[in-house]
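Written below as structure tokens is the structure these notes are about.
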Amino acid sequence: MLQRIQSIYLLLASLTLFALFLFPLVHNVYVNSKPITVMVTGIFQDVNGQQAHTEFFIALTAATAVVGLLPLVIIFLYKNRKQQIALCYAMMLVIIGYSYWVSQSAKNAIQDVNLTMSNYGIGIILLSVSIVFVLLAQKAIQRDEKLVKSADRLR
């Protein structure tokens, strides 16, 4: 049942996690009187009027790719719905842990600068959106499991 709605939800969760490569977590923060932008790939700083990649987050970049691939893996486990449900719960915990790691990396990058709402980027919101998509997929998988059990009872 690859064409079910949970596949769409898991695909959307994966796309929102991969969108972290495109959107900043924190932007226009002045550290040492220079504006910086924090993304999952690293820190971009204004150098001679151009954005330059000044610090790389190699582990965070690799983790983003792995966390983004996990919902795609869950899609192809469609024959074992109980395992899919368990993996969806685990995926939500992984995203929460990953969110903490991302927030701590951004906090360490900006040091003691106070942030306002205008400094937060779309990347911060995307993590919460991906959790919602995984939760919706998990609920849809449970509905399918319930439907299959009721059909088995009728036979």
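Computed quantities for the displayed model
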{"read-out": "Conditions (1) in contact with a helix residue (DSSP H, G or I) (Cβ under 7 Å, 6 or more places away or on another chain); (2) open to solvent by 60 Å² or more (accessible area, probe 1.4 Å); (3) at pLDDT below 85; (4) not hydroxyl-bearing (Ser, Thr, Tyr); number of the one not met by Val31", "value": "(2)"}
{"read-out": "Which listed residue is in contact with a Gly (Cβ under 7 Å, 6 or more places away or on another chain) and not hydrophobic (A, V, I, L, M, F, W, C), from Pro71, Pro35, Pro24", "value": "Pro24"}
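The values are calculated or read from the model by the stated rules, or taken from the named source; none is laboratory data. Remember, it's a predicted structure, so these values are computed and weren't measured experimentally. Positions of Cβ are generated from backbone atoms using ideal geometry, with glycine treated the same way; all protein chains shown enter the neighbour counts. Accessible surface is based on the protein model in full, side chains and every heavy atom, while ligands, DNA and RNA are left aside. Shrake-Rupley method; radii C 1.70, N 1.55, O 1.52, S 1.80 Å.
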